[in-house]
1. Outside any helix (DSSP H, G or I) and of a type in the set (Val, Ile, Thr), is that true of Val65?
2. Can you tell which of Val50, Val67 is open to solvent by less than 10 Å² (accessible area, probe 1.4 Å), in contact with a Phe, Trp or Tyr (Cβ under 9 Å, 6 or more places away or on another chain) and free of Cβ contacts under 8 Å to residues at least 60 places away in the same chain?
3. When you check His99 against the structure, is it open to solvent by 30 Å² or more (accessible area, probe 1.4 Å) and in a strand (DSSP E or B), yes or no?
4. So which of Pro132, Pro122 ends up being within 24 Å of Glu82 (Cα to Cα) and open to solvent by 50 Å² or more (accessible area, probe 1.4 Å)?
5. Asp162 - would you say it is open to solvent by 70 Å² or more (accessible area, probe 1.4 Å) and at negative phi?
6. Given the structure, is Leu124 within 15 Å of the chain's Cα centre (by Cα) and of a type in the set (A, V, I, L, M, F, W, C)?
7. If Glu23 meets every condition in (1) without any contact (Cβ under 8 Å) to a residue 12 or more places away in the chain; (2) of a type in the set (Asp, Glu); (3) touching a strand residue (DSSP E or B) at 6+ places or on another chain (Cβ under 6 Å) apart from one, which number is that one?
Amino acid sequence: MVAYVVVPGIDGSNDRHWQSRWEREWGGSASRISPKSWSAPDLRDWVDAVDEAYRAAAADADEVVLVAHSLGCWATTTWVREARPDNVAAFLVAPPDPHDSTFPRQAAPTFLNVAARQLPCPALVVASENDPYCDSTTAASFASGWRAHWHLAGPLGHINSDSDLGDWPAGRDLLAGLTAQ
């Protein structure tokens, strides 16, 4: 059985976000991280929240897929590199550039020194051609650093609720390709 851990970005994902829609569809096979610092993200708190959600999910599953968006990508990759689980895949959508002027430096200062280093698990980075928080060249460099597969999804903004993707079927296809590896 596959379990899913949803790792949203700052403030979580609202009901219109593709992550929330997928989570509802997955029902009991999905859980969401619960950091104490949603609005003022603390990297250690978020990494601990990923760990807690992973442990709960892994108790009943053969494989755990971490479905991360935005700042959640950095919490996910940090946790994966520290924990080195052998039954995980990472679906990383729209990672923000912590060195870009659009990064929420005041709200998330503990994320400023993250770096894309090789992951010990299968991973896919999905980015947009016009993400206001990370240009596609930088997102591709993150994928390279993580040794992840790379997919440029077209002009979808930050691939969030404002992108008006609904259930984002193209994303579901990409996720299916990752879990089939």
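The values are calculated or read from the model by the stated rules, or taken from the named source; none is laboratory data. Because the structure is predicted, anything quoted here is derived from the model rather than measured. Every residue, glycine among them, receives a Cβ derived from its backbone with ideal geometry; neighbour counts consider all protein chains shown. Calculation scope for accessible area: heavy atoms of the full protein, side chains included, ligands and nucleic acids excluded. Shrake-Rupley method; radii C 1.70, N 1.55, O 1.52, S 1.80 Å.
1. Details: outside any helix (DSSP H, G or I): yes; of a type in the set (Val, Ile, Thr): yes.
So Val65 passes the test.
2. Numbers: Val67 fails: free of Cβ contacts under 8 Å to residues at least 60 places away in the same chain.
Only one candidate passes the filter, namely Val50.
3. Values: open to solvent by 30 Å² or more (accessible area, probe 1.4 Å): yes; in a strand (DSSP E or B): no.
No, not satisfied.
4. Working: Pro132 fails: within 24 Å of Glu82 (Cα to Cα).
None of the other options fit; the residue is Pro122.
5. Values: open to solvent by 70 Å² or more (accessible area, probe 1.4 Å): yes; at negative phi: yes.
Criteria met by Asp162.
6. Values: within 15 Å of the chain's Cα centre (by Cα): yes; of a type in the set (A, V, I, L, M, F, W, C): yes.
When the stated conditions are applied, Leu124 passes them.
7. All conditions pass for Glu23, except number (1).
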